[in-house]
Amino acid sequence: MLIAPSILNANNLKLDESIKKALEAGITRFHIDIMDGHFVPNLAYGPQLIKDFKRSYPMIEAEVHLMSDMPKTLVPAFAKAGADLMLLHYEAMDESQLLYWLDYLHSSGIKTGIALNPETPVSVLEKFLDKIDQVLVMTVHPGFGGQGFIQESPEKIAEVKTLLAKTKRRISVEVDGGINDQTAKLCRQAGCDIFVAGSFIFSKGVVKQQLAKLEEAIK
Ligand code: DX5
Ligand code: ZN
């Protein structure tokens, strides 16, 4: 079980402070949201942030959640910046492009995942099972932190688990959006392995306590 904090809603002028607090509480991976103002109606972060993050914390995994339909420009840029794992949205490109970029990432030594918007059916994953290390089930519509968890999400997670049982490869299931101690518990019961949380962890200024609540909920 893994918690990957999203710094999207943390105070941008105090990012390092927030990151340090999470690291002190034992976090080993951060989820960094990239938004292009086109695939989603918001903007967030560039490759420089990943570069600086990896320079300061080389042992901590940088998971890049690429909410963009410009893979040609952005996948190589974030790969070069030091991403350890990159999540590409199924809806952001056609299937042949997605296959191409998943291969590109693996051959660059970067772990891969496919992110699914709430309305995207689980069955689309089938032809990518030998190319991914992770599935990201979006539990809100991507674009903003602080939204409410979509209640039907646990059933979708269970569906992903059923599909993944078809492969011998170890593929993790991750959730993102509206995760708090209550919703995390529901996702855990449905078989989720990795939990992204932003506002629940960073909005109250008591990072350690919030992380402890999440850990308790998913153990
Ligand atoms: C939403 C982002 C999420 C978001 C999570 O588009 O992908 O990672 O920052 O934030 P919370 O936990 O506040 O929903
Ligand atoms: Zn995200």
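Average projection, convex hull of the Cα set of the chain: 10.8 square nanometres.
Lys and Arg at +1, Asp and Glu at -1: add these up for the other residues within a Cβ distance under 12 Å of Ser6 and post the number.
Within the 12 Å Cβ shell, the charges total -3.
Residue by residue, the range 141-158 carries 3J(HN,Hα) couplings of 6, x, x, 9, x, x, 8, x, 4, 6, 4, 6, 4, x, 5, 5, 4, 4 Hz when phi is fed to the Karplus relation 6.51 cos²θ - 1.76 cosθ + 1.60 (θ = phi - 60°); x denotes Gly or Pro.
Within the set Lys185/Lys208; Lys14/Lys51; Lys156/Lys208; Lys51/Lys111, which residue pairs have Cα atoms separated by over 20 Å?
On the way: Lys185/Lys208 18 Å; Lys14/Lys51 17 Å; Lys156/Lys208 30 Å; Lys51/Lys111 17 Å.
From the list (Lys185/Lys208; Lys14/Lys51; Lys156/Lys208; Lys51/Lys111), the Cα-Cα distance tops 20 Å for Lys156/Lys208.
Under the simplified labelling scheme, the Lys168-Leu15 pair shows an inter-label distance of 4.2 nm, with each label point 7 Å from Cα along Cα→Cβ. Placing a label point 7 Å from the Cα of Met1 along the Cα-to-Cβ direction, the residues of the range 145-188 whose backbone N falls under 12 Å from that point are 181-182, 184-188. The helix-only estimate of mean residue ellipticity at 222 nm for the chain, built from DSSP H runs of length n ≥ 4 each weighted as -39500 (n - 2.57), is -11000 deg cm²/dmol after division by the residue total.
Net length available on complete extension from Lys51 to Thr28 is 6.6 nm, with 0.36 nm assigned per residue and the Cα-Cα distance removed.
Pulled fully out, how much extra length does the chain show between Gln189 and Tyr104, if you take 0.36 nm times their separation in residues and subtract their Cα-Cα distance?
Extra length from Gln189 to Tyr104 when fully extended: 27.2 nm.
Over the range 93-219, consider all pairs of different Cα atoms and compute the Kirkwood hydrodynamic radius from their mean reciprocal separation; express it in Å, one decimal. Its Kirkwood hydrodynamic radius stands at 15.3 Å. Charged side chains reduced to their Cβ positions (Lys and Arg at +1, Asp and Glu at -1) give the chain a dipole of some 660 debye around its Cα centre.
Other residues with beta-carbon under 14 Å from the beta-carbon of Thr73 carry, at +1 per Lys or Arg and -1 per Asp or Glu, a net charge of 0.
Counting other Cβ atoms within 10 Å of each Cβ, which GluC sites (Glu not before Pro) in the range 126-219 have at most 11 and sit in a DSSP loop?
Working: sites: Glu126, Glu152, Glu155, Glu159, Glu174, Glu215, Glu216; in loops: Glu152.
Counting only loop positions with at most 11 other Cβ atoms within 10 Å, the GluC sites (Glu not before Pro) in the range 126-219 are Glu152.
Sequentially through the range 130-136, phi angles give Karplus couplings (6.51, -1.76, 1.60; θ = phi - 60°) of 8, 10, 10, 9, 7, 10, 9 Hz, Gly and Pro residues having no value and appearing as x.
Quick note: the coordinates plus some simple rules give every number you see, no bench work behind them. Note that the structure is a prediction, hence the values are computed from the model and not measured. Neighbour counts run over all protein chains shown; Cβ positions are idealised from the backbone, glycine included.
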